[in-house]
Every structure is written in C-alpha cells, then in structure tokens.
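The values are calculated or read from the model by the stated rules, or taken from the named source; none is laboratory data. Since this is a predicted model, take the numbers as computed values, not measurements. All Cβ positions, glycine included, derive from the backbone under ideal geometry; neighbour counts span all protein chains shown. Note: areas computed on protein heavy atoms with side chains; ligands, DNA, RNA excluded. Shrake-Rupley method; radii C 1.70, N 1.55, O 1.52, S 1.80 Å.
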Amino acid sequence: MLSGVKPTGRPHIGNYFGAMKQFVDLQSDFDEVFVFIADYHAMTSDTKKLLIGQNSIELALDYLAIGLDPEKVILFRQSSVPQVTELSWIFSCLVTMPYLMRAHAFKDAEAKKKEVNVGTFNYPVLMSADILIQDADIVPVGNDQKQHLEIAREIARKFNTQYGMIFKEPQEKILEETETVIGIDGQKMSKSYGNTIPLFATDEETEKIIMSVPMDSKGIDEKKNPDDYNLYKIAKLFTNENQDKEIRSMFENGGVGYAEIKKYVANVINNYLKEMRERRKELENNRDYVLEILEKGGKIARERAEKKMEEVRVKCGLNAE
Ligand code: ADP
Ligand code: TRP
C-alpha cells in the first residue's frame with residue numbers, strides 16, 4: 001500500500017476521512033506500507049522553500065498523531081527519493097500532451113490561471129512514478145485522485161508494452177461514504193475554498209468554525225429534516241449511534257435553536273479529535289524523533305526505488321555498453 005499528502009498547510013477533516021484515516025485503518029493489512037509527504041508535488045503550487053520544508057515536518061507530526069505506527073509504516077519525504085523524478089522523465093516521454101491535457105486538475109488550473117507551470121501539467125506523471133516505483137498495489141485516496149490512478153495504470157501499461165513487463169497496475173481505494181467530504185459551505189472541503197475544519201485546530205477554533213456554518217431562517221419550533229443541513233452531514237462523520245440520534249431529534253422535534261445544536265456538534269467533534277490532538281502536542285516537543293523517522297523511512301524508500309530504477313534503465317536500454 002502506498003499514499004501521500006501534499007505539505008501545503010494544515011490538513012482538514014476532508015483529508016482525514018477521505019484519505020489519512022484509511023492509512024491508519026489499513027496499516028496492519030499489508031506486508032509493506034508506504035506513506036509519504038508529497039513535497040515535490042507541493043512545489044507546483046508553492047515555491048516558497050522554507051514553507052514546504054517546515055510544512056513537511058508538520059505533516060509528519062500529523063501522520064504520527066493520527067496513529068500511523070512507524071514500526072509498521074515507511075514514512076518519508078518524497079524528495080528523499082529523487083529517483084521518482086528520473087522515472088517521471090522516462091514516463092513523460094511515453095505519454096502525449098493531448099492525453100495529459102484531458103486531466104481534470106490541469107483543466108481546472110488552466111481555467112483559473114493564464115500561465116500553468118509545467119510541473120502542474122506533469123503532476124499526474126510524477127504521481128505515477130511515486131506509485132509505480134514502489135510496486136504499489138493499493139493506493140488509498142479521496143475521490144478527486146481517481147483520475148490520477150487511471151493515468152498511473154495507463155502509464156504502467158504503456159511502459160510494459162513498449163519496454164517489457166515490470167510495472168504493476170495499481171488500484172485506488174476510495175471509501176464511498178467519505179469520498180468527497182463537504183466543507184462548511186456545502187462545496188467539497190478544500191484548502192483553496194476556505195471552507196475547512198482543520199484536524200488539529202484548538203477546541204475554541206473548531207467551535208468558532210462550527211458556529212459559522214450557514215443554516216436557514218426556519219423558526220426554532222419548526223420541525224426540520226437533518227439530512228437537508230450541511231451541519232448534520234459534517235456531524236455525521238464524528239457521531240456514534242446515540243449522538244446521531246440526539247442530533248437528529250434536535251432537528252426533527254424542533255424547539256432547539258441552531259446555536260445550541262452547533263454547540264453540541266462542536267463538542268462531539270472536539271471529543272472525537274481530543275486524543276490525536278493531545279498526541280500531536282506531545283510530539284511537537286520531540287522533533288528529533290520525527291526527523292529520525294523521516295530519515296530512516298527515506299533511506300528504505302530510496303534504496304527500493306533505486307533497485308527498481310536499475311531494472312527500468314536496463315529495460316529502456318539506457319545502460320548499453
Ligand atoms: P487539498 O485538496 O485539501 O489540497 P490534498 O490534495 O493534499 O488536499 O489531498 C490529500 C488527500 O486528501 C487526497 O487523497 C485527497 O483525495 C483527499 N481529500 C482532499 N480533500 C478531500 C475531501 N474534501 N473529501 C475527501 N477526500 C479529500
Ligand atoms: N496528488 C495527491 C494529492 O493531491 C498527493 C500524491 C502525490 C499522491 N503522489 C501520490 C497520493 C501518490 C497517492 C499516491 O493528495
């Protein structure tokens with residue numbers, strides 16, 4: 001199993017329920033588990049070098065705090081494996097521009113900005129290299145990464161046909177219930193929409209965000225269908241059966257103001273995240289430990305990748321004497 005997240009700022013509950021929680025839930029199910037910090041990918045949108053480096057350490061803290069076990073998981077920075085950029089070059093000679101121009105992420109970037117950098121255009125190729133270089137079978141991600149996995153399979157097939165079978169075709173693992181977590185405004189939760197609930201916010205910050213979730217102008221005594229409300233959809237990610245019943249009845253029976261329902265929901269969320277937030281606080285004082293884990297993981301990932309690249313260079317005929 002292999003997956004990664006970009007170090008582009010504080011992860012939110014969409015990242016958590018869509019992708020990161022899966023990493024933790026699956027970490028004991030595979031012989032080898034690779035989880036990395038996609039710092040090269042972050043460079044497509046953020047070229048301030050200090051931020052990417054710092055954010056990478058922050059993301060490593062997040063990974064450990066949510067429960068990734070460094071005894072089970074090979075945790076590393078993508079840039080500890082420069083072989084992926086070599087493989088990405090080889091792959092970019094296999095795929096065509098029109099093919100990559102159909103990728104959603106590129107089309108979105110192009111619609112927003114006049115000048116898209118080549119890194120953004122090549123993003124799916126580098127991602128394919130991340131996955132294929134480690135022979136990953138399963139890649140847990142949110143729904144927005146589905147197309148990238150299709151591209152990775154296509155690239156594996158192309159390479160295998162042209163140069164000989166050496167790459168596996170990886171499969172995405174997307175959880176249906178949380179494939180696209182909504183933000184407080186009902187759109188997809190995303191750092192770029194400013195609608196997130198950060199995983200590692202303080203209780204106060206979380207409560208403030210929940211209090212700001214837009215509702216409607218229905219009267220306090222009116223009966224309401226909880227399924228119509230973004231607040232309920234977000235709460236549902238965190239509730240146990242009893243808490244769910246309690247929230248549903250507040251909506252359905254009427255008589256409880258939105259502020260009170262929101263306070264209840266904020267409380268449920270803060271309790272759910274309490275333990276991992278505390279664990280993160282402890283880890284913050286132990287950065288050397290975190291750096292050590294990254295270094296160790298980087299070495300293992302790099303050595304494996306180099307071995308694979310030796311095969312790739314032979315297949316491509318680059319090593320002829
Ligand atoms: P963002 O989209 O916030 O910039 P990333 O691109 O770093 O975050 O995404 C990291 C992981 O989180 C990916 O697997 C992605 O599919 C998943 N993810 C991001 N946003 C959501 C969301 N709203 N719902 C479900 N999964 C998500
Ligand atoms: N593109 C992924 C994202 O936006 C991050 C990523 C880079 C990744 N390389 C990967 C995810 C390889 C899974 C496998 O979140």
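Could you give the length gained on full extension between Arg287 and Glu110, defined as 0.36 nm per residue of separation minus the Cα-Cα distance, in nm?
Numbers: separation 177, 0.36 × 177 = 63.72 nm, distance 3.85 nm.
The span from Arg287 to Glu110 would gain 59.9 nm if fully extended.
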Relative contact order for the stretch 201-280: what is it in percent, counting Cα pairs under 8 Å that are at least 6 residues apart? 42 percent
What residues have an amide H closer than 5 Å to that of Glu172, excluding those fewer than 5 places away on the same chain, when H is modeled at 1.01 Å from N in the peptide plane? Val139
Could you go through the stretch 56-67 in sequence order and give the Karplus-derived ³J(HN,Hα) for each residue, using 6.51 cos²θ - 1.76 cosθ + 1.60 with θ = phi - 60°, rounded to whole Hz, and x for Gly and Pro? 5, 5, 4, 5, 4, 4, 4, 4, 5, 5, 6, x
Just how many pairs of Lys in the stretch 16-148 have C-alpha atoms closer than 25 Å, counting pairs that are eight or more places apart or on different chains? 12
Taking Cα atoms of the chain, Rg/Rh with Kirkwood Rh, to two decimals? 1.02
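Using the Cα gyration tensor of the stretch 269-316, with a ≥ b ≥ c the square roots of its eigenvalues, what is the shape: rounded (a/c below 1.5), prolate (a/b larger than b/c) or oblate (neither)?
On the way: a/c = 8.11, a/b = 2.63, b/c = 3.08.
In terms of gyration-tensor shape, oblate.
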Spelling out what I want: for every residue of the stretch 170-180, take phi, set θ = phi - 60°, compute 6.51 cos²θ - 1.76 cosθ + 1.60 (Karplus), and round to whole Hz; glycine and proline get x. x, 10, 6, 10, 10, 7, 4, 5, 10, 5, 9
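So what is the relative contact order of the stretch 1-42, in percent, for Cα pairs below 8 Å that sit 6 or more residues apart?
Working: 31 pairs, mean separation 30.5, N = 42.
Relative CO of the stretch 1-42 lands at 73 percent.
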Just from its helices, what would the mean residue ellipticity at 222 nm be for the chain, if runs of 4 or more DSSP H residues each count -39500 (n - 2.57) and the sum is divided by every residue, rounded to the nearest 500 deg cm²/dmol? -17000 deg cm²/dmol
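Tell me, what is the per residue accessible area of the chain in Å², probe radius 1.4 Å?
On the way: 16280 Å² over 321 residues.
Value for the chain: 51 Å² per residue.
Under 8 Å for C-alpha pairs, at least 6 residues apart: give me the relative contact order for the chain, rounded to a whole percent. Don't skip to the answer; put the middle values down first.
Numbers: 443 pairs, mean separation 75.5, N = 321.
Reported as a whole number, the value is 24 percent.
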For the chain, take the longest principal axis of its alpha carbons; what is the angle in degrees between that and the long axis of helix 258-284, to the nearest 10 within 0 to 90? 40 degrees
Relative to the longest principal axis of the C-alpha atoms of the chain, give the angle of the C-alpha long axis of helix 118-133, reported between 0 and 90° and rounded to the nearest 10°. 80 degrees
I want to verify a result. In a Gaussian network model of the chain, Cα cutoff 10 Å, which of these has the top mean-square fluctuation: Met189, Met101, Met127? Met101
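Counting DSSP beta bridges with both partners in the chain, what percentage is antiparallel, nearest 5?
Values: 2 of 14 bridges.
So the antiparallel bridges in the chain amount to around 15 percent.
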Work out how much length Gln171 to Glu205 would gain on full extension: take 0.36 nm times their residue separation and subtract the Cα-Cα distance, in nm to one decimal. 8.5 nm
Between Val33 and residues 5 or more places away or on another chain, which pairs have amide H atoms under 5 Å apart, with H built 1.01 Å from N, and which residues are they? Ile74
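So if R0 is 45 Å, what FRET efficiency would Ile220 and Glu278 give, r being the distance between their Cβ atoms, rounded to the nearest 0.05? Don't skip to the answer; put the middle values down first.
Numbers: r = 36 Å, r/R0 = 0.80.
After rounding, the FRET efficiency stands at 0.80.
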Which residue fluctuates most in the GNM of the chain (Cα springs below 10 Å): Asp135, Asp144, Asp288? Asp288
Kirkwood Rh, Cα atoms: Rg over Rh of the stretch 1-155: 0.95
With a 1.4 Å probe and every protein chain kept in, tell me what percent of the accessible surface of the stretch 201-280 is carbon plus sulfur. 46 percent
Long-range HN-HN contacts of Arg77 with modeled amide H, under 5 Å: Ile37, Gly298
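Going by a ≥ b ≥ c, the root eigenvalues of the Cα gyration tensor, does the stretch 201-280 fall in the rounded group (a/c under 1.5), the prolate group (a/b larger than b/c) or the oblate group?
On the way: a/c = 2.55, a/b = 1.74, b/c = 1.47.
It comes out prolate by the Cα gyration axes.
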Between the Cα axis of helix 146-163 and the main Cα principal axis of the chain, the angle (0 to 90°, nearest 10) is 10 degrees
